[in-house]
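Quick notes on the structure that follows.
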Amino acid sequence: LSMLTFSTLLGCLGRRDRGGEVIEVEPVEMPAEAERAIESVGCEATLDARYLPGQSITQSMSIDGKERSWIVRLPQNYDHQAAHPVIVVLHGGFGSGAQIQETTRFDPLADREGVIMVYPNGVPQYPNMASDPLKIRTWNAGGCCGHAQSEEIDDVNALLRMLDQVEATACVDRRRLYLTGFSNGAMMTYRMACEAPERFAAMAPGGASVTLETCTPPRPTPLFHFHGLMDKNAPFEGGNGCGPGDTSALLPVPDVIADWHTMFGCQEGEEVTLLETAEARCTEAGHVAAAAT
């Protein structure tokens, strides 16, 4: 996950960021109804004084008997009288919300676009070990990973509860909630797409795919998959990688994209290249986009 990846995503959706300059590429026509925001309950509440535009704050609560935490960052131009979109970013295995916030560098782009950023933390394996600052956090994505999987942590419910709290605190446009994640976070993004897609407008997993035995989403969900073709931890072709996690359940990305086509009856069509640079290529076929870097 990087500025390049985020810029590639924007390019496929109609915008690119090159050297700080935003370049419009073929705009997407949206129906008038889709432009109307659905305000969250937080729009009617007084904003907590701790929440300041351009600043990050850590929230926590007990969910299913475990302390769960997440970082919320309001954009610099945050207006509590207007409903803002939200992007939730899930860290990889052994990562954290603070780590993925720093490495992705999404915050400056969120400031430009007026987006509320949310960086949840997975469950730590050793929550009381002071010498382990990262706490070995993982997500239970089904067939992976680590402590969260072996303890059958209900991360689907946890993420939905966290999002409830964000909507109750800030003024959120419930039509524009987006989910992305990297590696184990991408696996968890896919699990949300399979089991709880109704909450999100679109999802963008990166660097991993589905690890569930079955995936039967109750509704179609726009999906943007991006992946490094030389990724050795979560191989593009699926199966076990060379990382510390057991990725034997990881499905090949082409198979996952093909399944998405089949499940939602996407039209068959010729593959079209939407964006191509020296570092990345973005293609679309059957109204489902996939990017390889």
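The values are calculated or read from the model by the stated rules, or taken from the named source; none is laboratory data. Everything numeric here is computed off the predicted structure, so don't read it as measured data. Keep in mind that these areas ignore ligands, DNA and RNA; they rest on the heavy atoms of the full protein, side chains included. Shrake-Rupley method; radii C 1.70, N 1.55, O 1.52, S 1.80 Å.
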SASA check, Met187, accessible area w/ 1.4 Å probe, all protein chains in place, rounded to nearest 10 Å², comes out at 10 Å²
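Report, please, the projected area of the range 147-288 averaged over directions, based on the convex hull of its C-alpha atoms, in nm².
Dividing the Cα hull surface by four gives the mean projection, 9.8 nm².
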For the range 60-207, shape from the Cα gyration tensor axes a ≥ b ≥ c, cut at a/c of 1.5 then a/b versus b/c, turns out prolate
If the chain between Thr214 and Met230 were fully extended at 0.36 nm per residue, the gain over the current Cα-Cα distance would be 3.1 nm
